[in-house]
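Asks: Sharing a structure below in structure tokens format, with a few things to ask.
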Amino acid sequence: MPVHQGTTNGFKRSGKLLSQRIRKATESRGFAVSRVLTHWVEIVGQDLADIALPVEVSYGRQGFGATLTVLTTGAQAPVLEMQKETLREKVNAAYGYNAISRVRVTQTAPTGFAEGQVAFASKAEAEVPPLDEVTRKHASVMTKDVSDEGLRDALEALAQNFLKNRD
């Protein structure tokens, strides 16, 4: 067996080796854990997604119902504790049956240890640098011929983002 160069010394991470089997086992139960992670905001809504992140879905020994573990900051934990049933109902509604029987809340500091760092900043609260007037006017000129006001506004915002992020 050839030894690969790098930090793994020829070994693969166990998570990589087992990921397909774990995924197959959870999907055979009708529950794709990855969907909870990738569609979290759509499933629970922006308000809950701003204060909680899913970290684990685990099954009991008999396999009846799963436990969803969510991570939050210490300050938000009491708020989230009060909304655990709502959170469970939203996740189960996304799957159409009671895949999650229990929600467990775990806490971390908002800053500090590398594994425990959490950034629960709302997109609305995130600081966005102001757009310069030249970029704003250029985007407005690009979309001036669009007659539908809503479409024009959306295209103008898209053009502004494109022009602002262009190198």
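Asks: Per residue of segment 38-46, what does 6.51 cos²θ - 1.76 cosθ + 1.60 with θ = phi - 60° give for ³J(HN,Hα)? Whole Hz please, x for Gly and Pro, Karplus curve as stated.
Replies: Here the 3J(HN,Hα) series is 7, 10, 4, 4, 5, 6, 9, x, 5 Hz.
Asks: Counting only residues 5 or more places away or on other chains, whose amide H sits under 5 Å from the amide H of Glu56 once H atoms are built in the peptide plane?
Replies: Result for Glu56 returns Thr69.
Asks: Another one. How charged is the neighbourhood of Thr69? Take every other residue with its Cβ under 13 Å from the Cβ of Thr69, and add Lys/Arg as +1 and Asp/Glu as -1.
Replies: +3
Asks: For Glu81, put the label point 7 Å out on the Cα→Cβ axis and report which residues of segment 32-58 keep their amide N under 19 Å from it.
Replies: Inside the label zone: 48, 51-53.
Where a number appears in this text, it was derived from the coordinates with a stated rule and is not lab data. Note that this is a predicted model, so its numbers are computed, not measured. Here the Cβ is made from the backbone with ideal geometry for all residues, glycine too, and neighbour counts use every protein chain on show.
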